[in-house]
Amino acid sequence: MVSNLLAIRALSFPLTLMHESVGDGCMSKTVSRPDIKVLILEDNHNMKAILAAVLGAFGFRKLTTATCVEEAKRIFSTELFDLVLCDYRVADGCGLEFVRWLRQLDRRPEALIPVIMISAHSQRSRILDAVSAGVDEFLVKPVRPVDIARRIDACAFRRRNFIRSATYFGPDRRRHDIVGYSGPRRRDTDSVTADDGVFELE
């Protein structure tokens with residue numbers, strides 16, 4: 001039941017999509033305004049360099065990196081970002097800790113920042129944990145530029161409504177139901193559908 005439409009709207013940033021034919025498929029190429037600020041939480045130097053290079057090729061110029069959860073939190077205390085790319089496993093533990101912290105920033109704008117989780121593993125349990133923490137999109141290594149572009153595209157133009165319940169704040173999780181999976185966690189949250197905004201559930 002919807003009890004209140006909060007005066008907070010999900011963040012989106014002004015991106016323009018172009019489409020280029022690549023081999024037999026169509027690649028979604030994301031071109032950003034240079035003022036979009038991105039935080040990369042990644043402790044692997046090579047992976048960090050790859051992500052920075054891909055984002056730079058897409059037109060992102062304001063990139064900040066962190067190697068651990070505590071460093072990312074310190075950075076967020078002084079800067080506001082438009083997008084976060086976060087590895088599942090970082091130097092001081094699990095990137096999900098940062099996502100949960102971000103979503104728990106009460107009703108501050110930072111709590112609505114889009115988060116793309118990156119992982120070397122694609123187990124169902126790991127994906128479900130990431131979704132339950134409040135990530136927007138999930139990306140499995142090795143990452144391809146086209147996959148990063150599609151995840152950013154989804155965050156910018158097809159972002160789900162945010163919901164607030166007693167145990168969860170983040171994007172509506174129902175879109176991430178795994179095809180063919182009918183286990184007990186398949187619909188472990190209430191949710192609503194609306195044009196935009198954040199909904200509080202009773």
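The values are calculated or read from the model by the stated rules, or taken from the named source; none is laboratory data. What you are looking at is a predicted structure, and each value in this text was computed from that prediction instead of being measured. Cβ sites come from the backbone with ideal geometry, for glycine too, and all protein chains shown count toward neighbours.
Residue by residue through segment 68-101, note down the ones that are surrounded by 15 or more Cβ atoms within 10 Å (Cβ to Cβ) and of a type in the set (S, T, Y).
Y88, the sole residue that qualifies.
Just one of the numbered conditions (1) of a type in the set (A, V, I, L, M); (2) modelled with pLDDT under 95; (3) in contact with a strand residue (DSSP E or B) (Cβ under 6 Å, 6 or more places away or on another chain) is not true of L80; which one?
(3)
Quick check on my filter: what residues within segment 128-145 are part of a loop (DSSP other than H, G, I, E, B) and farther than 17 Å from A166 by Cα?
Here is the first cut: in segment 128-145, the residues part of a loop (DSSP other than H, G, I, E, B) are 134-136, 141-144.
Hits for segment 128-145 are V135, D136, K141, P142, V143, R144.
For segment 66-94: of the residues being closer than 23 Å to P109 by Cα and aliphatic (A, V, I, L, M), which is farthest from the chain's Cα centre (by Cα)?
I75
Please name all residue pairs, on different chains or six or more residues apart, with Cβ atoms under 6 Å, provided the first residue is in segment 52-66 and is closer than 15 Å to E42 by Cβ and the second residue is among the basic types (K, R).
T65/K48
Considering A156, A130, which residue is touching a Phe, Trp or Tyr at 6+ places or on another chain (Cβ under 8 Å), modelled with pLDDT under 90 and surrounded by 18 or more Cβ atoms within 10 Å (Cβ to Cβ)? Break it down into steps so the answer makes sense when it comes.
On the way: A130 fails: modelled with pLDDT under 90.
It is A156.
If a residue has to be modelled with pLDDT under 85, surrounded by 15 or more Cβ atoms within 10 Å (Cβ to Cβ) and of a type in the set (G, A, S) to count, how many in segment 22-67 make the cut?
So the count comes out to 2.
Does L105 fit the bill of being of a type in the set (A, V, I, L, M, F, W, C), under 20 Å from A166 (Cβ atoms) and surrounded by fewer than 19 Cβ atoms within 10 Å (Cβ to Cβ)?
yes
Starting from segment 84-108, keep only residues that are at pLDDT 95 or above, then list their pairs with residues that are among the charged types (D, E, K, R) and in a loop (DSSP other than H, G, I, E, B) whose Cβ atoms are within a distance under 6 Å, requiring at least 6 positions of separation or different chains.
D87/E42
Within segment 112-121, identify whether any single residue is closer than 20 Å to N44 by Cβ and polar (S, T, N, Q), and answer yes or no.
yes
Take residues that are polar (S, T, N, Q) and tell me which of the strands (runs of 3 or more DSSP E) falling wholly in segment 28-127 contain 1 or more.
62-66, 115-119
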